[in-house]
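Heads up, the thing below is written out as structure tokens.
Any read-out appearing in this document is the output of simple, stated calculations on the displayed coordinates, not a laboratory observation. Everything numeric here is computed off the predicted structure, so don't read it as measured data.
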Ligand SMILES: [Ca+2]
């Protein structure tokens, strides 16, 4: 049975809940639906896909990135970042194509929220208005508007000249960054994805990269590649214990 509804911040056709199929209609049509994995079909799209919906007091959010440990490697190439990897119920990257599809409608505005957890029991967040990704031919470039939160605006950078807003996505096999090369001390950097790890919207290279290597407690400070949000903790790069990126329409 299908019902077109507003759910998880999306206008979509809710097909079924994967975990509890019999609860589908109840979950979909009641405002206190619970967080979990849902199979969605955004309005106007033929493709269905699984997403994790985080239900918070301020609405339903669609998660597109989650890190909680090292079990899922984020050291992947372009095709993996384009299509997504991991398990949407735990650590995963939803995929650039899907996020593009969700945010491409020009008559809708999206908020993107980043949550970060440290190894000392603390957490912070960053929120951006007017979030959307460019198309595949635009290398899924990042577009974010105004920032709010207590994590600092790492996308625009901890110092001038490294703003990642407007940059295309880069991986170790696809270089869209702002270095050709960048000079850091006595190092000439051509390809940020090689040193920083994972795929991201690198500039020169920038202060944010939540897709680098995950590092365990006690060994999480000072790595070139990490789960980095360098306006949050520093000056030595601090790799977060956990991260989450998610969107909702407004
Ligand atoms: Ca480059």
Radius of gyration and Dmax for the range 199-250's Cα atoms, expressed in Å? 11.7, 40
Cα extents of the range 166-208 along the principal axes, largest first, in whole Å, come to 26, 20, 17
Under the √(5λ) rule applied to the eigenvalues of the Cα gyration tensor, what semi-axes describe the equivalent ellipsoid of the range 64-249? Give them in Å, descending. 22, 19, 17
Cα centroid separation, the range 88-122 to the range 208-222 (Å): 19 Å
